[in-house]
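Peer 1: Can you read through this structure? Questions will come right after.
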Amino acid sequence: MDSGYYAAMTGLLARTQALDTAAANLANAQTPGYRAEREHFRSVLLGPDALDSQLGRTVNNFGLLGGDRLSMAQGELQQTGNALDLAIEGEGFFEVQTKNGLRFTRDGSFHRTQGGLLVTAAGEPVLSTTGQQIPVPPGEVSVGANGALSVAGGTAATVGVFTFPTGTQLTPEGANRYVPPEGIRPVLSKDAAIHQGAIEAANENVIQGTLDLIVMQRQAEMMQKALTVFHTEFNKIATEDLPRV
């Protein structure tokens, strides 16, 4: 069978996955702290057959789509006026305690519970630099760039901003929660600054996201047409040429 058929099939699968990613990015373009996902490809020259490659075998692997990776680009900081809304500028994540365990987020839409704890919009406790829940006493709240939360001049706790070793691939959970690989421990970020009274928007531009979605749709359609051409050609060979053999 013509190897072009397999190439077109692999291309369609890759474009379908990219289309799903582009759609998810666009759907979450208004989600605070959302990290867009970008597709990546592995190089044929660095593939498993790189050292003892026969050109045809390497090229015909076809499966070049490496998957998706989170974009860690900075999102726009939007002022809210809420003293407990916090935005991270730089590298790092807030650590929150969820029912499924520790999770990490860039969404700083926080508030104070009746019991006096700093929590997310979903009611999940936000953790300090020491991994403890953060008390918020009554009074005017001030949060410094280093995360120190003070009320009436007294520091109650320091909001933790954590990062991971270079190359760590976090797994998305929901819209803006992320899970590190098992065994990977977070460390305090050294270059992050916290902005009080603001939240970070998604790092996905609506206009660019729309264009990406259109491009992926067109490319998927092209792969479908290519498959149709190969299918028609195979049918012709089966019905006209093979009987003559």
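The values are calculated or read from the model by the stated rules, or taken from the named source; none is laboratory data. Everything numeric here is computed off the predicted structure, so don't read it as measured data. FYI the Cβ positions are ideal-geometry reconstructions off the backbone, even for glycines, and counts take in every protein chain you see. These accessible areas exclude ligands, DNA and RNA; they are computed on the full protein's heavy atoms, side chains included. Shrake-Rupley method; radii C 1.70, N 1.55, O 1.52, S 1.80 Å.
Peer 1: Can you name the number of the only condition in (1) closer than 27 Å to residue 37 by Cβ; (2) in a strand (DSSP E or B) that residue 181 fails?
Peer 2: So the condition that residue 181 fails would be (2).
The rows are residues; the columns are (1) open to solvent by less than 40 Å² (accessible area, probe 1.4 Å); (2) not polar (S, T, N, Q).
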{"site": "69", "(1), (2)": "no, yes"}
{"site": "74", "(1), (2)": "no, no"}
{"site": "85", "(1), (2)": "yes, yes"}
{"site": "99", "(1), (2)": "no, yes"}
{"site": "115", "(1), (2)": "no, yes"}
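Peer 1: Just to be sure, is residue 133 over 22 Å from residue 98 (Cα atoms) and of a type in the set (S, T, N, Q)? Don't jump to the end; show me each part of the working.
Peer 2: Details: over 22 Å from residue 98 (Cα atoms): no; of a type in the set (S, T, N, Q): yes.
So residue 133 does not fit the description; no.
Peer 1: Now, a different point. Select from the range 199-226 the residues that are under 21 Å from the mean Cα position of the chain (by Cα) and open to solvent by less than 60 Å² (accessible area, probe 1.4 Å) and list them in ascending order.
Peer 2: Passing the criteria: 199, 200, 201, 202, 203, 204, 209, 210, 212, 213, 216.
Peer 1: Limited to the range 117-155, what total is found for residues that are touching a Leu at 6+ places or on another chain (Cβ under 9 Å), among the small types (Gly, Ala, Ser) and either closer than 20 Å to residue 186 by Cα or open to solvent by less than 40 Å² (accessible area, probe 1.4 Å) (or both)?
Peer 2: First, the residues of the range 117-155 that are touching a Leu at 6+ places or on another chain (Cβ under 9 Å): 118, 125-129, 131, 133-136, 141-143, 147, 149, 155.
Next, from what is left, pick out any that are among the small types (Gly, Ala, Ser): 128, 131, 142, 147.
Narrowing the set further to residues that are either closer than 20 Å to residue 186 by Cα or open to solvent by less than 40 Å² (accessible area, probe 1.4 Å) (or both) leaves 128, 131, 147.
Adding up the residues that qualify gives 3.
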